[in-house]
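Participant: Just passing along the structure, written as structure tokens.
Any read-out appearing in this document is the output of simple, stated calculations on the displayed coordinates, not a laboratory observation. Predicted model only: the values in this text are computed from it and were never measured. Every residue, glycine as well, gets a Cβ built from its backbone with ideal geometry; the counts of neighbours run over all protein chains shown.
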Amino acid sequence: MILGLSAVLLWSTVATAFKIALRYLDVFSLVALASIISASVLLAWLVIQRRLDELVSALRAQPVTYFTMACVNPLLYYVILLTAYDLLPAQQAQTINYTWAIILSLLAVPILGQRLFVKDLIAIMVGYFGVVVIATEGSFDLGTIQSLSGLVLALISTFVWAGFWLTNTRLKESDDVALAAMFVMASPLALGYLLLAGGLDALNWQGLSAAVYVGLFEMGVTFLLWSQALSRAVRVSRVANLIFLAPIVSLVLIQVVLNEPIHPATVVGFALIVPAILLQQRGA
């Protein structure tokens, strides 16, 4: 529970960290730097665990698979997500992002061969009604959407993330090894972008600090805390449900740190999305 709560509290800061980081870095530079930082953390973890040979074996056995997945996560996913954060208020982007859990039931049909049940369809309808409430700030007038492009990208990110994790279930390696392999594969591409696009030349201490924070506490350390929490849990569901604390704490930080007033529609939308996710996961 302590490990799980630690992970949740760190993830709660990410929406605020994204918005601050984007003041100093463009989306691509932030993704590139954070990916390299995260790869370093995951490599260090495997070295400490004396499991570096597992990483080497995984990369030798499936180099194309891990390269392809690295292009999806972290590169494609975080470019889409951070662009959405750049275009939308933090409260909207982070709350909509949580609907990826609902998308799992949809994508599990073609990817894992599972069936859709009535509860899944109800969860989808309720969850996305919550998205409409958030995006239109309760007016149900599409003209009030602050950024249609941002909304579309936020929704696309949920499909990319859900699809990534469903595909990830086919890998034989443990989660930490698989994720390390993806970030290691992504790092040369990220570094190449920084060198060719001049991302390093424009870097200042604020941008570097923000990228380090995102790399550590969105992609690296927090994932390890969460995976360790789940692996040590007597009842996994108790730890897993802690994740619903993250957006609540996150909304408080968004208001306090970013001075972004929380719209009542965001609270209503969140109150629709969470029960939809719980309904969708019931009996899973």
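Participant: Counting other C-beta atoms within 10 Å, and keeping those with at most 12, which DSSP coil trypsin sites (Lys or Arg not before Pro) do you find in segment 1-66?
Facilitator: Listed in order of number, the matching sites are Arg50.
Participant: Please give me the summed charge of the neighbours of Ala108: other residues whose Cβ is under 11 Å from its Cβ, Lys and Arg +1, Asp and Glu -1.
Facilitator: Charge balance near Ala108 sits at 0.
Participant: State, as an integer percentage, the relative contact order of the chain based on alpha-carbon contacts under 8 Å between residues 6 or more apart.
Facilitator: 43
Participant: Mind jotting down a quarter of the surface of the convex hull over the alpha carbons of segment 218-265, in square nanometres, one decimal?
Facilitator: 4.5
Participant: Could you tell me the calculated FRET efficiency between Trp165 and Ala44, based on Cβ-Cβ distance and R0 = 30 angstrom, to the nearest 0.05?
Facilitator: After rounding, the FRET efficiency stands at 0.80.
Participant: At q = 0.14, 0.27, 0.32, 0.35 Å⁻¹, what is the base-10 log of I(q)/I(0) for segment 16-57 according to the Debye formula with one equal point scatterer per Cα and no solvent? Please give it to two decimals.
Facilitator: -0.46, -0.85, -1.03, -1.10
Participant: May I pose another question? If the chain between His263 and Phe129 were fully stretched, how many nm would it gain, using 0.36 nm times the residue separation less the Cα-Cα distance?
Facilitator: Answer, rounded to one decimal: 46.6 nm.
Participant: When the helix-only estimate is applied to the chain (DSSP H runs of n ≥ 4, each -39,500 (n - 2.57), divided by the residue count), what is the mean residue ellipticity at 222 nm, nearest 500 deg cm²/dmol?
Facilitator: -24000 deg cm²/dmol
Participant: I'd like to know how the chain sits against the 2.2 N^0.38 Å rule of thumb: what's its Cα Rg over that expected value?
Facilitator: Cα Rg divided by the expected 2.2 N^0.38 Å: 0.99.
Participant: Then there is this: What do you get for Rg/Rh of segment 112-151 when both radii come from the Cα atoms and Rh is the Kirkwood radius?
Facilitator: Rg/Rh for segment 112-151 comes to 1.17.
Participant: Residue farthest toward the positive end of the dipole of the chain, with Cβ of Lys/Arg at +1 and Asp/Glu at -1: which of Val132, Thr99, Asn204?
Facilitator: Thr99
Participant: Per the Kirkwood formula on distinct C-alpha pairs, the Rh of segment 37-106 is how many angstrom?
Facilitator: Its Kirkwood hydrodynamic radius stands at 14.7 Å.
Participant: In debye, nearest 20, what is the charge dipole magnitude of the chain about its Cα centre with +1 on Lys and Arg Cβ and -1 on Asp and Glu Cβ, if you could check?
Facilitator: 820
Participant: If you take the beta carbon distance between Arg235 and Ser139 as r and set R0 to 51 Å, what does 1/(1 + (r/R0)^6) give as a FRET efficiency, to the nearest 0.05?
Facilitator: The computed FRET efficiency comes out at 0.75.
Participant: Take the chain, mark every one of the chymotrypsin sites (Phe, Trp or Tyr not before Pro) that falls in a DSSP loop and has at most 13 other Cβ within 10 Å, then report the longest stretch left between them, sites excluded.
Facilitator: Result, exposed sites excluded: 141-284.
Participant: Same structure again: How much length, in nm to one decimal, is gained on full extension between Leu200 and Ile111, taken as 0.36 nm per residue of separation minus their Cα-Cα distance?
Facilitator: Between Leu200 and Ile111, full extension yields 28.1 nm more.
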